[in-house]
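Accompanying notes for the structure given below.
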Amino acid sequence: MKTEKILGYEVHRKKVKNINLRIKENMEIYISAPENLHSDYIKNFLISKEKWIKNVLKKLEKIKEERKEKEYITGEIHNFLGQKYILTVKNGNFNRVALKNDKKNEIILTVYSDIFDNSEEKKKILEKWYFENAKKIFLELLKKWMKILNEDVKKFLIKPLNKKWGFCNYEKKYVALNVELIKRTPFEIEYVILHELAHLKYPNHGKGFYNYVEKYMPNYRNAEKMLNAKHHY
Ligand SMILES: [Zn+2]
C-alpha cells in the first residue's frame, strides 16, 4: 500500500473499487482510492467534497468543545441563547453573573475571593443564572406557543434532562424542557416547545405529528439538525 498527498490530504492507494472518504470521531480523515485511478480524478472528488468535510469537522469540533469539562476560568467560552460568550471571572463583594453584549460578547462572573479558584462553586453560580434565565425565557416562549396552538399545559418543568431536550406527558398535559436549551438559539428552543406541545395532539412521531409541526414551523428540520440527532424529544 502506498500513500500519496493530494490537496494536502493523505490518500491511501489500495485494492478498492471506489474512493472511500471517512472522517473519524477524532477528526482524522481517512481516504482510500483504487491503485490505478488517476490523481486528477481523486483531486476533483476531493474538491467536490470539501464543503462537506469542512462541515463535518466543524460539527465534531463543536461536540468536542461541548464535552470538555468547563473550568470556569477567564477566557473560557460559554454559550447563551445560541451565542458564544467569553467568560471573565472577577473578585467582588458578591456573587453575580452579568452579560455584556458590546464589542465582544462577555459573561462576567463576579465572585467572592474565597471561591475565585473553586470551579465547583463557580459552576453552581453560573448554573443558577442559566436556570433563572431559562425560567423566564422558556415560560415566555411557552405562553407564546400555547396561544398560537390554542393548547394548555397543567405542569411545566425546567430541569437537566439526560439525553433529551424535552418531553411531554400528553395524558397529564405535562411538559418538561431541558435547562441546557438556554444555551441554544431561540429558534431551537421554540422548536422543542412546539414539538412538545404538538405531542398533546399527536402522542407519537407519525406523519400527522410532523405535518402539524411543519404547518407552524416550515423550517423545523433546520432546528432538528442544529439540535443534534443524538438528543430525542
Ligand atoms: Zn417527540
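Would you kindly work out the equivalent ellipsoid of region 77-123 from its C-alpha gyration tensor and give its semi-axes, the square roots of five times the eigenvalues, largest first in whole Å?
Sorted largest first and rounded, they come to 20, 11, 8 Å.
Counting other Cβ atoms within 10 Å, keep those with at most 15, restrict to DSSP loop, and tell me which trypsin sites (Lys or Arg not before Pro) in region 19-48 are left.
Taking region 19-48 and a limit of 15 other Cβ atoms within 10 Å, the loop trypsin sites (Lys or Arg not before Pro) found are Lys24.
If you add up the charges near Ile31, with Lys and Arg at +1 and Asp and Glu at -1, over every other residue whose beta carbon is less than 9 angstrom from its beta carbon, what do you get?
Once all neighbours under 9 Å are counted, the net charge is 0.
When only C-alpha pairs under 8 Å and at least 6 residues apart count, what is the relative contact order of region 77-123, in percent?
Answer for region 77-123 is 33 percent.
How large is the convex hull of the Cα atoms of the chain per residue, expressed in Å³ as a whole number?
186 Å³
Using only the alpha carbons, work out the radius of gyration and Dmax of region 131-227 in angstrom.
12.2, 36
If amide H atoms are built 1.01 Å from N in the plane of the peptide, which residues on other chains or at least 5 residues away come under 5 Å of the amide H of Leu81?
For Leu81, the qualifying residues are Lys183, Arg184.
What value, in deg cm²/dmol to 500, does the helix sum -39500 (n - 2.57) over DSSP H runs of n ≥ 4 give at 222 nm once divided by the residues of the chain?
After summing the helix terms and dividing by residue count, I get -13000 deg cm²/dmol.
With a cap of 12 neighbouring Cβ atoms within 10 Å, and only residues DSSP puts in a loop, list the GluC sites (Glu not before Pro) found in region 146-206.
Glu171
Given the Cα-Cα distance of Met1 and Lys155 and 0.36 nm per residue of separation, how much length would full extension add, in nm?
49.2 nm
Select from His205, His38, His78 the residue whose mean-square fluctuation is largest in a Gaussian network model of the chain (Cα-Cα springs shorter than 10 Å).
In the Gaussian network model the winner is His38.
Can you tell me the relative contact order of region 2-67? Whole percent, Cα pairs under 8 Å, sequence separation 6 or more.
26 percent
Just to check, using Stokes-Einstein with a Kirkwood Rh over alpha carbon pairs, what's the diffusion coefficient of region 13-82 at 25 °C and 0.890 mPa s in µm²/s?
166 µm²/s
If the chain between Ile73 and Lys90 were fully stretched, how many nm would it gain, using 0.36 nm times the residue separation less the Cα-Cα distance?
Stretched fully, the Ile73-Lys90 segment lengthens by 5.2 nm.
Mind listing the phi-derived Karplus ³J(HN,Hα) values for region 54-67, rounded to whole Hz, using 6.51, -1.76 and 1.60 with θ = phi - 60°, and x for any glycine or proline?
4, 4, 5, 4, 4, 4, 5, 4, 5, 4, 4, 5, 5, 6
Counting other Cβ atoms within 10 Å, which trypsin sites (Lys or Arg not before Pro) in region 125-233 have at most 10 and lie in a DSSP loop?
Loop-located and lightly packed - Lys154, Lys163, Lys172, Lys230.
Using 7 Å Cα-to-Cβ label points, what is the Val56/Asp117 separation (nm, one decimal)?
Roughly 4.4 nm, to one decimal.
Each residue of region 24-33 in turn: what ³J(HN,Hα) in whole Hz from Karplus with 6.51, -1.76, 1.60 and θ = phi - 60°, glycine and Pro shown as x?
7, 5, 7, 6, 6, 9, 10, 10, 10, 8
Taking θ as phi - 60°, what are the ³J(HN,Hα) couplings along region 173-180 by the Karplus curve (6.51, -1.76, 1.60), each to the nearest whole Hz, with x for Gly and Pro?
Working through the residues one at a time gives 6, 10, 10, 10, 10, 6, 4, 4 Hz.
At a threshold of 8 angstrom on Cα-Cα distance, excluding pairs fewer than six apart, so keeping six or more, what relative contact order does the chain reach in percent?
Computed over the chain, the figure is 12 percent.
Using the 10 angstrom Cβ neighbour count as an exposure proxy, how do Phe94, Phe167 rank, fewest first?
Fewest-to-most ranking of Phe94, Phe167: Phe94, Phe167.
For the modelled label position 7 Å from the Cα of His205 along Cα-to-Cβ, which residues of region 161-190 have backbone nitrogen atoms closer than 15 Å?
Answer for region 161-190: 163-168.
Give the distance, in whole Å, between the Cα centre of region 163-192 and the Cα centre of region 103-125.
27 Å
For region 14-146, taking Cα atoms only, what is the radius of gyration to one decimal and the Dmax to the nearest whole Å?
Reported Rg and Dmax, both Å: 22.8, 71.
Bear in mind these aren't lab numbers, they're just calculated from the coordinates by the rules spelled out. Worth saying up front: this structure is predicted, and the values here are computed from it rather than measured. With ideal geometry, Cβ positions are generated from the backbone for all residues, glycine too; neighbour counts draw on all protein chains shown.
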